[in-house]
Amino acid sequence: MTTTTQSRATPVASEAAERAAAAGGGVATRRRPGVRIPRPSGWSLIRLASILVYVFMFAPIAVVVLLSFNSSRFGTFPLEGFSFRWFEALWANDAIVSAFQTSLVLGFLTAIISTSIGIAASLAMVRYDFPGKGLINTALITPILVPEVVLGVALLLFLRWLSIPKSFLLLLMGHVLITLPFVVLVVQARLTAIKPVYEEAAKSLGANAWETFFRVTLPLLMPAVFAGMLFAFTISFDDVTATLFWKSGGTETVPTQIFAMLRNSISPEINALGTVMIVLTVSLPLIAGGLARWFARGGRG
Amino acid sequence: MAETRDIAVRLTDVEKNYGSFQAVRDMTLDIPEGSFVTLLGPSGCGKTTTLRMIAGLESITAGEIAIKGRRVNEVPIHKRNLGVVFQNYALFPHMSIADNVAFGLKYRKLNKTDAREKVRRALQMVRLPHVEDRFPGQLSGGQQQRIALARAIVIEPDVLLLDEPLSALDANLREDMRVELKRIQRELGIATVFVTHDQGEALAMSDKVVVMSDGQMEQIGTPEDVYNRPTSRFVASFLGNSNFLGATVEDVTDGLVTLAVKPGEGGAMPIRLSIASNGRFRKGEAVQIVIRAERLCIGRAPESRGGPMNTFEGVVTNVDYQGLNARYFVEAGGQKLQVINPIDQHPAREGDRVTLHLRSEDAVILDDTGHVHH
Ligand SMILES: Nc1ncnc2c1ncn2[C@@H]1O[C@H](COP(=O)(O)OP(=O)(O)OP(=O)(O)O)[C@@H](O)[C@H]1O
Ligand SMILES: [Mg+2]
């Protein structure tokens, strides 16, 4: 505060400087008691906000799960009774079962192909030097940045231009394209952390490049490989936008099937299907996480 | 030069460039069968690079490397049959100790029983017979080091390559491992290249020491040679504690050079020394004398070896007790000298006037560029 009084007392000090000094002094003095704001009110406000956010996020999911066990056709509360009838209906619905099969096959193939390519690409990026490396690395990651609609249309137009008809293979290729960046990011991060000296040791003991990869690099990379596969599977399993562009006429995946069903009516079967998907996409990471930890311990215990 | 078949590794004019930077040049070196050769030098002098070139982990820019008489320039590492021990052991963390040690045996066409027997013997050799089922993370640093060694020797390599294998261990353990490593090497009779920047390690373990600086070899010789007869100022100052005195040649007779040491500031009486000649010197030539700190003796004269004894006076300016030894700083003839002597009953004290003795064989004369005369 001394600065303020001083500048006031000095006639040569310009008005602007005076205001700046006053403001500076003011902020400094005002901030200190600010820390002493009674904590409880601030924190309870934040707590309340977080709870509301979570409720907002999870309530619809909870509703879907609850309604899927409702014995009534109409989604009203309170629930009329507990039943598995919508799950049974689901099981009896050929379209859904076949969509489920398509999704599973597509997801697994995507995970396997995407992870294989991702490992190879990461090895090249992390362990070798070659011209254009930075460019290729960027190209591998860009599908994350390009909006999926654009990606969907682009690939479609490209295939039109090549006059290749839509097929399951095309859909698979597309899914590999959108999941690859995630795999590459996860695997690269892990590979950077594995010192090349392990590979050098293996080679010095007589292992060639392949043997070194399968006996040393891959086992050490396993947690990342698992995580990558998981990402690839769940992304592929959940994808709607790009899949709508790429799937051929008769093929439906679970999300596109739901999408199609929603156009007619809101059947409780959809709730059941949603519940199945939730269970699948939540349990899979948990299982994989457990497996990864098991591997990290060297496959013991 | 020895017969080719007695040479385990031969480097001929080997060179390594990283872009325009020369990491190693003019490396010409024979590593005889069964010998323990140490690459010694300050950080960044190219020791690791040299070792990695022998191992095949680094390509060579020029020259030739031969292992057991076979040119290996183009032979990939996994076909060189070498045992490599890395600084941080590099044990495979996902494999048990038994699997780690047996790793290299997979590529050597052995049946399971033979392989298991070899693993057992290797673990016995490194004195850790009961850890087969453990994992690397469950062993101490010293134990991991032994396993790394077992893994390298179990494949019966032609050459053993060790890059600062002891540097990650604490001091006591390092001494033990030093002895252990040397015992194993001798028992196996395997040619060994050892990289270190620890001169104590190098002098204690090696048959031959290669002192390197700036990517080049400075001197090759037995530990005794490089320590007592350094051929350059670099070697003399890198190993142990040395005094460097500028001097002028006054006379050369019967293999003895008489030198007048240049007096420092203060206008003191210059010291005159007789040193055994190690080159051809002219009268009036400016040279440098290298005297090891432990070769100067305070008080008692050392036993003569036939040559004359130099005796001169000095004043102790500082004493630095180091347990067994004391390091004295003595001013003599206007020069400040370092003297390291064992501590006897009556060590000299600061301010004492002392007599210093130096045998004529115990100093080396270098030319004024800091190298031996040729
Ligand atoms: N991959 C590389 N690219 C460029 N320069 C390198 C590379 N590897 C080593 N060098 C340089 O080559 C020189 C020798 O390195 P080297 O690792 O052989 O040293 P060193 O004698 O083993 O040292 P230290 O005792 O520190 O291990 C150093 O100056 C180093 O910076
Ligand atoms: Mg090194």
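The values are calculated or read from the model by the stated rules, or taken from the named source; none is laboratory data. All values reported here derive from a predicted model rather than from experimental measurement. With ideal geometry, Cβ positions are generated from the backbone for all residues, glycine too; neighbour counts draw on all protein chains shown. When the accessible area is computed, the model is the full protein with side chains, heavy atoms only, and any ligands, DNA or RNA have been set aside. Shrake-Rupley method; radii C 1.70, N 1.55, O 1.52, S 1.80 Å.
So here's what we get for this one:
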| read-out | value |
| --- | --- |
| Charge dipole magnitude, Cβ of K and R +1, D and E -1 - segment B:19-96, Cα centre, debye nearest 20 | 160 |
| Karplus-derived 3J(HN,Hα), 6.51/-1.76/1.60, for each residue of segment B:166-182, Hz, glycine and proline x | 9, 5, 8, 9, 7, 3, 5, 4, 4, 4, 4, 5, 4, 5, 4, 4, 5 |
| Candidate residues A:Phe182, A:Phe233, A:Phe158: accessible-area rank, largest first, probe 1.4 Å | A:Phe158, A:Phe182, A:Phe233 |
| Those lysines that a straight Cα-Cα span of less than 24 Å connects to A:Lys133, excepting residues fewer than 8 apart in one chain | A:Lys195 |
| Label-point gap, in nm, between A:Val282 and A:Trp294 - each point 7 angstrom along Cα→Cβ | 2.2 |
| Whole-Å semi-axes of the ellipsoid equivalent to segment B:241-367 (Cα gyration tensor, √5λ, descending) | 25, 16, 12 |
| Neighbourhood charge, 14 Å Cβ-Cβ cut-off, centred on B:Gly63 and excluding it, Lys, Arg +1 and Asp, Glu -1 | -3 |
| Radius, Kirkwood style, for segment B:168-253 when every pair of distinct Cα atoms is counted (Å) | 14.9 |
| Built amide H within the under 5 Å cut-off of B:Gly41, gap 5+ | B:Thr196, B:Met212 |
| Table column - 3J(HN,Hα) (Hz), segment B:100-114, Karplus curve with 6.51, -1.76, 1.60, x for Gly and Pro | 4, 5, 7, 3, x, 6, 4, 9, 10, 6, 10, 7, 4, 5, 4 |
| Relative frequency of Cα-Cα separations exceeding 12 Å in segment B:77-124, percent | 68 |
| Positive minus negative residues near B:His373 (Lys, Arg vs Asp, Glu; Cβ under 12 Å) | -1 |
| Rounded FRET efficiency, nearest 0.05, which uses the C-beta distance separating B:Asp207 from B:Arg121 and R0 of 25 Å | 0.50 |
| Sulfur and carbon atoms: percent of accessible area, segment A:173-212 [1.4 Å] | 68 |
| Average projected area [Cα convex hull, segment A:93-296], square nanometres | 13.6 |
| Accessible-area order (highest first, 1.4 angstrom probe) of the listed residues A:Thr256, B:Thr311 | B:Thr311, A:Thr256 |
| Electrostatic dipole magnitude of chain B [Cβ: Lys, Arg +1; Asp, Glu -1; Cα centre; debye, to 20] | 1200 |
| Whole-Å semi-axes of segment B:61-152's equivalent ellipsoid (Cα gyration tensor) | 27, 16, 11 |
| Residue-averaged beta-carbon neighbours from other chains (10 angstrom radius) around B:92-103 | 4 |
| Three principal axis lengths of segment A:42-83 [C-alpha, angstrom, descending] | 44, 14, 13 |
| Cα-based Rg / Dmax (Å) for segment B:4-122 | 16.6, 52 |
| GluC sites (Glu not before Pro) lying in DSSP loop within segment B:222-276, provided at most 16 other Cβ fall within 10 Å | B:Glu265 |
| Range of Cα positions in the protein assembly as shown per principal axis (Å), largest first | 119, 97, 54 |
| Calculated FRET value between B:Glu224 and A:Ala120, using beta carbons and R₀ = 51 Å, to 0.05 | 0.40 |
| DSSP-assigned coil residues among GluC sites (Glu not before Pro) in segment B:1-90, each with at most 10 further Cβ atoms within 10 Å | B:Glu3, B:Glu74 |
| Around B:Leu358: net Lys/Arg minus Asp/Glu count, Cβ-Cβ under 15 Å | +1 |
| Cα-Cα separations in segment B:4-237 greater than 24 Å, expressed as whole percent | 44 |
